[in-house]
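Please read the structure below before turning to the comments.
Just so it is clear, none of the values below were taken in a lab; they were calculated from the coordinates. Owing to the predicted nature of the structure, the values given are computational and were not obtained by experimental measurement. FYI the Cβ positions are ideal-geometry reconstructions off the backbone, even for glycines, and counts take in every protein chain you see.
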Amino acid sequence: MNILNPNNTTHTLKIIPRFYPLSDVVLELVSEEREPGSTITILPTISNGYMFLQFDKAFKNATNWQVKVTGGNEIVYRGKLLVTSQASDTQNYKTTKDIFLL
């Protein structure tokens with residue numbers, strides 16, 4: 001699962017692909033809250049075994065998305081995306097932030 005901040009319009013997904021395609025990939029975003037979906041063609045960047053996909057999209061806060069990346073006719077990656085403005089550092093996002101205090 002990737003976490004994105006809705007306050008930004010340029011986003012970067014860091015994924016571990018099933019294989020490394022030789023050309024552009026197609027990023028398909030399908031909302032789980034009936035928002036309009038998107039299909040974006042991207043030239044991926046590969047570094048240290050990760051694939052980075054940079055794209056522009058405006059997201060609403062507190063929405064969930066299904067992600068599918070295809071290269072040719074094969075699925076490169078499938079996963080989920082959470083959009084939240086709860087944390088400015090989205091890599092350290094916690095689902096129980098400020099809920100359980102001791």
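Would you list Ser23, Ser31 from fewest to most Cβ contacts within 10 Å?
Final ranking by Cβ density, sparse to dense: Ser23, Ser31.
What distance in nm separates the simple spin-label points at Phe19 and Ile3, each placed 7 Å from Cα in the Cβ direction?
Taking the two extended label points, one gets 3.3 nm.
Semi-axes of segment 1-79's equivalent ellipsoid from the Cα gyration tensor, sqrt of 5 times each eigenvalue, largest first, rounded to whole Å?
21, 14, 11
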